[in-house]
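Written out below as structure tokens is the structure these notes cover.
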Amino acid sequence: VFDAARCVPNGDPQTGLQRMVDGRALVSQFCIKNKVKKYLALEGHKILHYDLEEAIPIAQKLKAKKNIEEVEKEALEYLDTRLFGACDLAGKLQLKLPGIVGVENAMSCDKVNLIDMNLCKSYQVDINEDGTNNGSGFDIQNEIMDYGLFTCFGGTNLQYGERYGFTDEDMELFFHGLMHMFDNDQAVARPIGS
């Protein structure tokens with residue numbers, strides 16, 4: 001259960017970023033998993049599907065070995081692989097590990113009120129010869145949700161957990177990441193404290 005105020009509903013990338021269902025706001029499972037992974041990466045945990053510096057193909061991280069068992073063993077050293085499974089986004093490895101932790105899309109308990117808002121971003125481009133600068137900027141028209149109380153459900157597959165070495169410590173880290181997943185998310189669409 002979490003709440004959010006004065007921010008943009010996330011939307012589901014698999015449905016064209018649909019943000020609302022019958023007046024209720026949606027935060028996708030992909031958003032939740034990615035924010036958990038990002039937080040855990042910032043905490044120093046090995047995350048295969050998220051890199052803080054740049055997008056590094058999974059094949060490069062796993063050094064593309066011929067033996068698929070070796071590749072799977074190496075992939076399971078990464079926390080997010082043990083939590084959510086693995087797929088090779090680079091397309092160079094036939095790596096498909098099922099997820100142990102499943103998360104559903106979060107939905108607001110009630111219908112939410114959306115407010116049309118003009119967000120203005122401004123920035124300095126360069127300084128004029130006389131030392132002045134008026135800056136530059138642009139306006140973004142967006143719909144801001146005033147408030148929503150969300151519920152999200154999930155579960156674990158214990159058979160896969162036993163097979164792939166999922167531990168109680170992994171589960172504790174998942175819950176820790178879940179509790180703090182919005183800590184570092186302070187974009188214009190999600191202001192501090194939202």
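The values are calculated or read from the model by the stated rules, or taken from the named source; none is laboratory data. These numbers were taken from a predicted model, which means no experiment stands behind them. Side chains included, ligands, DNA and RNA excluded: accessible areas come from the protein's heavy atoms. Shrake-Rupley method; radii C 1.70, N 1.55, O 1.52, S 1.80 Å.
Just to make sure I understand: if all protein chains stay in place, what is the order of Arg19, Arg163, Arg82 by accessible area at 1.4 Å, largest first?
Numbers: Arg19 85, Arg163 165, Arg82 40 Å².
Result, largest first: Arg163, Arg19, Arg82.
Which of the residue pairs Lys38/Lys61; Lys33/Lys66; Lys35/Lys111 have a Cα-Cα distance greater than 19 Å in the structure shown? All intermediate terms of the calculation are to be shown ahead of the outcome.
Working: Lys38/Lys61 17 Å; Lys33/Lys66 29 Å; Lys35/Lys111 24 Å.
Table pairs above 19 Å Cα-Cα are Lys33/Lys66; Lys35/Lys111.
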